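Notes follow the structure.
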Amino acid sequence: MFKQTRISVFGGRDITDGIYDDAYELGKLLAKEGYLVYCGGGNGVMEAVSKGVSEGGGTCVGILKGQTLDEMNEYVHIPLATNMGITRNALLAYNCDAAVAVSGHYGTLSEIAYAKQLEKPIVGLHSWDIDGLENVKNPHEVIQFLKENT
């Protein structure tokens, strides 16, 4: 039976250097804690968290929008080409025990909505200010949330 806790990280492609740094640190911390990390596999938050997971010795699954690996960042360990476009956002929510929303725009908002509908624990880091999404200040607080809610 599979027992590793699965964490999906949602986030945007167009981000600041500060958001990149926090997502990278988050990835390293997720790897250190032994979480299996899922993300969209592309640029921005997805690249930063994948890089952190990779350099932290963890495993990152990239659920890609297209049917090829062209959009995948170089730090994804297990790519899943879906050819589903943005509807693949639902897969990220279905395939996690908890989720983290980092920054992001409407794609991230849709992922948050899927996670909320599925009643998955979700925490925000520099993300949307909406009811039901607790935003924290740094990657260490994300890890604390995950430990308390998974």
Which residue out of GLY104, GLY85, GLY132 is in contact with a Phe, Trp or Tyr (Cβ under 7 Å, 6 or more places away or on another chain) and at positive phi?
-> GLY104
Looking at segment 93-113, is at least one residue among the acidic types (Asp, Glu), in a loop (DSSP other than H, G, I, E, B) and under 14 Å from the mean Cα position of the chain (by Cα)?
-> yes
Identify the single condition in (1) at pLDDT 95 or above; (2) closer than 24 Å to THR150 by Cα; (3) among the charged types (D, E, K, R); (4) surrounded by fewer than 20 Cβ atoms within 10 Å (Cβ to Cβ) that LYS3 does not satisfy, given that it satisfies every other one.
-> (1)
Scanning for something within 25 Å of ASN135 (Cβ to Cβ) and either in contact with a Cys (Cβ under 6 Å, 6 or more places away or on another chain) or among the small types (Gly, Ala, Ser) (or both), does segment 71-88 turn up at least one residue?
-> no
Determine whether segment 52-73 contains at least one residue that is among the hydroxyl-bearing types (Ser, Thr, Tyr), under 22 Å from GLN144 (Cα atoms) and not in a loop (DSSP other than H, G, I, E, B).
-> yes
Matching residues, segment 49-64, being surrounded by fewer than 22 Cβ atoms within 10 Å (Cβ to Cβ) and under 14 Å from GLY12 (Cα atoms) | none
Condition check for ALA90: assigned to a helix (DSSP H, G or I), modelled with pLDDT of 95 or more and surrounded by fewer than 23 Cβ atoms within 10 Å (Cβ to Cβ) | yes
Name the pairs: first residue in segment 23-45 and assigned to a helix (DSSP H, G or I), second residue of a type in the set (Lys, Arg), Cβ to Cβ under 7 Å, at least 6 apart or on different chains?
-> TYR24/LYS51; GLY27/LYS51
Log entry, pairs with first residue in segment 102-124 being of a type in the set (Asp, Glu), second being outside any helix (DSSP H, G or I) and buried (at least 18 other Cβ atoms within 10 Å of the Cβ), beta carbons closer than 7 Å, six or more apart or on different chains, reads GLU111/PHE10; GLU111/ALA101
Go through segment 119-138 and give me each residue that's assigned to a loop (DSSP other than H, G, I, E, B) and either closer than 19 Å to LEU36 by Cα or within 11 Å of the chain's Cα centre (by Cα) (or both).
-> LYS120, PRO121
Which condition breaks for GLY44 when tested against (1) buried (at least 19 other Cβ atoms within 10 Å of the Cβ); (2) on the phi > 0 side of the Ramachandran plot; (3) touching a helix residue (DSSP H, G or I) at 6+ places or on another chain (Cβ under 7 Å)?
-> (3)
Restrict the check to segment 103-125 and report whether at least one residue is among the polar types (S, T, N, Q), surrounded by 14 or more Cβ atoms within 10 Å (Cβ to Cβ) and closer than 17 Å to ASN43 by Cα.
-> yes
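The values are calculated or read from the model by the stated rules, or taken from the named source; none is laboratory data. Computed from a prediction, not measured in an experiment: that's the story for all the values here. Heads up, the Cβs are rebuilt from the backbone with ideal geometry, glycines too, and the neighbour counts pull from every protein chain shown.
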